Amino acid sequence: MKELDTSSAPLVTLSIEGAIAMVTLNRPEKRNALSMAMVEELMDVFSSLPKSVRAVILSGAGEHFSAGLDLSELKESSSSENIEGSMLWYEAFGKIQFGRVPVIVVMQGAVVGGGLELASALHVRIAESDAYFGLPEGQRGIFLGGGGSVRIAKLIGFSRVAEMMLTGHVVDATEAHQIGLAHYVVKKGEGMRKARELAEKVASNLPMSNFAILKALPLIAEQPMSHGLMTESLMAAITQDAPEAKDRVNAFLQKRANKITPD
Ligand code: 1HE
């Protein structure tokens, strides 16, 4: 495995193995609470991924994925600094969500507040059985500020988001799977193995298909139906025209490619 120099980004580490990059929130002593510096480092790491990387596995060091916003930074901050802070989170998470490389996240322990906002920007979410999900903003006297009122609400509906914030309801891994916060629930300690298995699959897709999934699909979801169908048809035409796509289709027709089987 090639270890990259992470001396300029000690709060977020990066290592690369073939086409798969491992990005780790590395502040376990503060339960991976997201400081501004950490969000900047996260953005830098994702901005600097080499072209050879075709899937990322994001995880949090220690017993908790992330305790959310670093509350110590809120103590003295002004309204304008807080808006700037939100803008930084939007920029960082937008870069990741609409970037070139699909991201699989492994979540354990607390996935709360800004930690859940980060997870909701990622493409495939794996929860270990001890993961729990909360939005303690109501209790803390604040509000979502990292894109969660848009992204989490798109995943589970705004009514559930409101209920979690109002009552402090903490969602366990099973419920998270049922309502769409997690795509997979695995046993404690199994998250990374599952993530690697999925990352291999994601990385073996043609880049143009993954581009369409990351860039076009969210746009289509926001468009009126007639525009969405037009965008879809254009994206379909472009992907289908690529020689690599034709090779894959022919491989199936000539019985050289795998059939689809249940997981
Ligand atoms: C922190 C933070 C933090 C821990 N900001 N320092 N998020 C929250 O309201 C969650 C707050 N955190 C917790 O409820 C608990 O820390 C945990 C359940 C995540 C973990 O508990 P535990 O017992 O394992 O750890 P701990 O002893 O509480 O925390 C260890 C240290 O991390 C401790 O500091 P220390 O100097 O005493 O060792 C904690 O103060 C520190 N720590 N969480 C700052 N969040 C863009 S808007 C998003 C808005 C939000 O995210 S609101 C939700 C904030």
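Would you please name the residue that is nearest to Glu40 (Cα to Cα), looking only at residues in segment 63-77 that are crowded, with 23+ Cβ neighbours inside 10 Å and more than 6 Å from the ligand (Cβ to nearest atom)?
Ser66
Suppose we filter Ala176, Ala203, Ala236 for residues that are among the hydrophobic types (A, V, I, L, M, F, W, C), under 18 Å from Ala119 (Cβ atoms) and in a helix (DSSP H, G or I); which single one remains?
After ruling out the rest, the residue left standing is Ala176.
Which condition does Ala242 not pass, out of (1) surrounded by 12 or more Cβ atoms within 10 Å (Cβ to Cβ); (2) at pLDDT 95 or above; (3) under 26 Å from Ala21 (Cβ atoms), if it passes all the others?
Failing condition for Ala242: (2).
For segment 118-159, give me the residue count where each residue is at pLDDT 95 or above, among the polar types (S, T, N, Q), within 16 Å of the ligand (Cβ to nearest atom) and more than 26 Å from Gly189 (Cα to Cα).
Summing the residues that are at pLDDT 95 or above, among the polar types (S, T, N, Q), within 16 Å of the ligand (Cβ to nearest atom) and more than 26 Å from Gly189 (Cα to Cα) in segment 118-159 gives 1.
Looking at His183, His169, which one is under 18 Å from Asp263 (Cα atoms) and surrounded by fewer than 18 Cβ atoms within 10 Å (Cβ to Cβ)? Give the derivation first.
Working: His169 fails: under 18 Å from Asp263 (Cα atoms).
Matching residue, one of His183, His169: His183.
Between a first residue in segment 10-39 that is β-branched (Val, Ile, Thr) and a second residue that is within 10 Å of the ligand (Cβ to nearest atom), which pairs have beta carbons less than 8 Å apart while being 6 or more apart in sequence or on different chains?
Val39/Leu88; Val39/Trp89
Quick one: count up the residues across segment 141-162 that are touching a residue at least 24 places away in the same chain (Cβ under 8 Å) and of a type in the set (A, V, I, L, M).
The total comes to 6.
The values are calculated or read from the model by the stated rules, or taken from the named source; none is laboratory data. These figures come from a predicted structure and were not determined experimentally. Every residue, glycine as well, gets a Cβ built from its backbone with ideal geometry; the counts of neighbours run over all protein chains shown.
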